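Let me begin by presenting the structure, written as structure tokens, before commenting on it.
Every number in this text was worked out from the coordinates using simple rules, so none of it is lab data. Quick caveat, the model's predicted, so the values are computed rather than measured. We place every Cβ from the backbone using ideal geometry, glycine too, and count neighbours over all the protein chains shown.
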Amino acid sequence: MANAVLFISYGVSKVGRERMAFELFTHTINFWGKLQAEKKIDSFEPVMLQPHGGDLNGFMLIRGEHAKLDAIRQSDEFVEIEARAKLCLDGLRVVMGKTNEALHKGLQILQKNIPAS
């Protein structure tokens, strides 16, 4: 069961790099689909947001085990995808997060360290 998520968000395509961004999006969907079929991740969900006046255009939420997601982040293929994304997208963010039992444990640690009022 997933205990972590990888949150990858992005802004708009850089001017003149729209085709590159579209091709990368398609490649990335195939990349995560392959990893899901190989049971290296639990699931992934790409999201395109409607225009809202902010700098967030969309994101992908990838669910899996922390160690497996961390290994994927260090893989040559992911590093290449990330490098290509930096060339064609504004506001790229790649952030690990906790879920399920890891989230519960993190909340327990946080609660334990809240000062008494």
| note | Between MET20 and ASP55, the two model label points (7 Å from Cα along the beta-carbon direction) sit apart by a distance in nm of 1.9
| Can you flag which of LYS14/LYS105; LYS34/LYS86; LYS40/LYS105; LYS39/LYS112; LYS14/LYS34 are past 32 Å Cα-Cα? | LYS14/LYS105; LYS39/LYS112
| task | Averaged over every viewing direction, what's the projected area of the C-alpha convex hull for the range 4-112? Give it in nm², one decimal, please. | result | 7.8
| field | Sites ASN100 and LYS34, calculated FRET efficiency, Cβ-Cβ separation with R0 25 Å, nearest 0.05 | value | 0.55
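Compare the peptides 84-97, 59-72, 102-115 by average per-residue count of other Cβ atoms within 10 angstrom and give them in order, highest first.
Numbers: 84-97: 14.6, 59-72: 17.6, 102-115: 9.8.
Taking the mean over residues of other Cβ atoms within 10 Å, the ranking is 59-72, 84-97, 102-115.
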